[in-house]
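Reviewing the structure listed below.
The values are calculated or read from the model by the stated rules, or taken from the named source; none is laboratory data. Predicted model only: the values in this text are computed from it and were never measured. Cβ atoms come from the backbone with ideal geometry, glycine included; neighbour counts cover every protein chain shown. Note: accessible area is taken over every heavy atom of the protein model, side chains too, but ligands, DNA and RNA are not part of it. Shrake-Rupley method; radii C 1.70, N 1.55, O 1.52, S 1.80 Å.
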Amino acid sequence: MSSFSAQIEQALTVYFGQTVNVMQQQQVFGGDINQTYRLQTNIGPFFLKLNNGKLNDMFEKEFNGLRLLHKTKTIKIPEPILNGKIDNKIFLVTEFIEKGSASKTFWQTFAQQLAGLHKHSDELFGLAENNYIGSLHQSNTYCETWSGFYASQRILPLMQLAFSQNKCSKNDLAKAEKLCSRFAEIFPVEPPALIHGDLWSGNFMAGNKGEPVIFDPAVYYGNREMDIAMSLLFGGFSSNFYNYYHEVFPLQPGWKERINLCQLYPLLVHLILFGGHYYNSVIDIINSYI
């Protein structure tokens, strides 16, 4: 057994207060920035994520985000168990959830449970700590208004970063600043909602009981339209999902006209992480609102 596996065993043994033996370590696939494994132990299976990059606190932030979502008891989240660093690798251990087939009421349940999550609120927009969306740093400094938060913590920092990487022009930056100055008139006032933050089709599945499971969050207290818009960006959600959500927790009038605006942030993330073919999408959205 490798030194790493032995140390994971030791960490799990301390956590559970009983001897934990790793009997099998099987690689599973799905993410694009981490190595992921199913650990079969004498007390059951666990999910292990490894990364040997420079983002030493990435799994600590993900652990905290999972814990925050898990505490709401609204929707199934892999329970976070351990995170740390061994042999220059950061690791995260969570509950292992077997993938299953969606139940007949999957989309209705998903919509109702996500609405339940979104009803968890806070006094301010943001979070007590910064975290990550994918491998990109996500700033969550508290703001009193959504318009102020979306401008200062989301759109403007990423436009500045894109400009510094020669992925947009100074004129593009000026247009983005003009757009941000209009946020207060575009977005209706609504209390902060606890959101997943990266809710696309790759970050949910059906569990072994057919229930919705969400994972890989980028949590903060924001505008719930961000989760809805993200779910529409890369497909994978049933159209019934939105009808069911609207029945439980109606979205503000005009939400459909704001979808592209809410998608501007994840598209900027993709522009920075994956390159220029997202540029046109970003600029088209900016131009359409100014």
| said: Please go through the range 152-185 and give me each residue that is over 30 Å from Pro253 (Cα atoms) and out of contact with any Ser or Thr (no Cβ under 9 Å at 6 or more places or on another chain), ordered by number. | reply: Gln160, Leu161, Ala162, Ser164, Gln165, Asn166, Lys167, Cys168, Ser169, Lys170, Asn171
| request: Restricting attention to helices (runs of 4 or more DSSP H) lying wholly within the range 157-274, give those where 1 or more residues are under 18 Å from Leu114 (Cα atoms). | output: 225-233, 239-248, 259-274
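Can you tell me which of Phe91, Phe47 is of a type in the set (Phe, Trp, Tyr) and in contact with a Ser or Thr (Cβ under 8 Å, 6 or more places away or on another chain)? Break it down stepwise before answering.
Values: Phe91 fails: in contact with a Ser or Thr (Cβ under 8 Å, 6 or more places away or on another chain).
Answer to the check: Phe47.
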| field | Flag if Ala229 is at pLDDT 95 or above, surrounded by fewer than 21 Cβ atoms within 10 Å (Cβ to Cβ) and of a type in the set (A, V, I, L, M, F, W, C) | value | no
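Among the strands (runs of 3 or more DSSP E) lying completely within the range 1-93, list those that include at least 2 residues that are open to solvent by less than 20 Å² (accessible area, probe 1.4 Å).
Here the list reads 35-41, 44-51, 80-86.
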| task | Kindly establish whether Ile186 is surrounded by 14 or more Cβ atoms within 10 Å (Cβ to Cβ) and under 17 Å from Gly134 (Cβ atoms). | result | no
| task | Say whether the condition of being under 29 Å from Val93 (Cβ atoms), of a type in the set (Ser, Thr, Tyr) and open to solvent by 30 Å² or more (accessible area, probe 1.4 Å) is met by at least one residue in the range 201-215. | result | yes
| message | If I ask for residues that are open to solvent by less than 30 Å² (accessible area, probe 1.4 Å) and under 20 Å from the mean Cα position of the chain (by Cα), which ones from the range 260-279 would you list? | response | Leu261, Cys262, Gln263, Leu264, Tyr265, Pro266, Leu267, Leu268, Val269, Leu271, Ile272
| Considering only the range 28-53, how many residues are under 22 Å from Lys99 (Cβ atoms) and at pLDDT below 90? | 8
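Yes/no matrix, rows are residues, columns are (1) under 20 Å from Ile214 (Cα atoms); (2) modelled with pLDDT under 95; (3) among the polar types (S, T, N, Q):
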| position | (1), (2), (3) |
| --- | --- |
| Asn56 | no, yes, yes |
| Glu60 | yes, no, no |
| Lys71 | yes, no, no |
| Pro78 | yes, no, no |
| Thr109 | yes, no, yes |
| query | So, of the residues in the range 133-163 that are in contact with a Cys (Cβ under 7 Å, 6 or more places away or on another chain) and of a type in the set (Gly, Ala, Ser), which turns out to be nearest to Glu177 (Cα to Cα)? | reply | Ala151
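Examine the range 110-117 for a residue that is out of contact with any His (no Cβ under 7 Å at 6 or more places or on another chain) and surrounded by fewer than 18 Cβ atoms within 10 Å (Cβ to Cβ), and state whether such a residue exists.
Start the filter on the range 110-117 by keeping residues that are out of contact with any His (no Cβ under 7 Å at 6 or more places or on another chain), which leaves 110-117.
Subsequent filtering for residues that are surrounded by fewer than 18 Cβ atoms within 10 Å (Cβ to Cβ) retains 116.
Taking every residue of the range 110-117 in turn, at least one turns out to be out of contact with any His (no Cβ under 7 Å at 6 or more places or on another chain) and surrounded by fewer than 18 Cβ atoms within 10 Å (Cβ to Cβ).
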| task | Could you run through the range 123-144 and say how many residues are in contact with a strand residue (DSSP E or B) (Cβ under 8 Å, 6 or more places away or on another chain) and either of a type in the set (Asp, Glu) or open to solvent by less than 70 Å² (accessible area, probe 1.4 Å) (or both)? | result | 11
